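To start, the structure itself, in structure tokens.
The values are calculated or read from the model by the stated rules, or taken from the named source; none is laboratory data. If you're wondering where the values come from, they're calculated on a predicted model, not measured in any experiment. Cβ: placed from backbone, ideal geometry, glycine included. Neighbour counts: every protein chain shown.
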Amino acid sequence: MKRAFGRLWQVLSEDPDRQQKDGTIIPKREVIDEDADLQDETERRVARAPDLTPPAYKLFIVSYANGGPPVFEPSHFAHPEMQLESLEKSLAAIRELQDDGREYVERLEEIREEVGDIRAQRDAVWKIVRTNAVKELQNMAMETAL
């Protein structure tokens, strides 16, 4: 379960857009576009700004193109706000499950230590009982021999 959670968080932390961009070839810009001069400074900054959307949102939330109607059947996908709420609840439940798993593992380790301590005490008690039993048997043997 630990490995599964580790792999889950690794996949959720990887940006799916970067994986797609790694395989694409960006053409060299030798000629300055005239259209680029027409864009104002704000539009260029927005175009260069990195997408700060968390990777989990990119993986699980279906967004509509340009805020328009859905490309797929609308009954298949909820609105992005509902998807976001559902995703956040699901991730919270997974984190809670992971925390519970950690707590159970810690508790099991404590129980193992306590069982080990009790076993050591039991072994010590049995050693004393055996030693006393052997002494009594020796005493009885010596008394009957006399």
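Mind listing just one residue for me: the one in the stretch 80-94 that is loosely packed, with under 12 Cβ neighbours inside 10 Å and hydrophobic (A, V, I, L, M, F, W, C) and, of those, modelled with the lowest pLDDT? The residue in question is Met82. A single member of Ser75, Ser63 is in contact with a helix residue (DSSP H, G or I) (Cβ under 8 Å, 6 or more places away or on another chain), modelled with pLDDT under 75 and in a loop (DSSP other than H, G, I, E, B), and it is Ser63.
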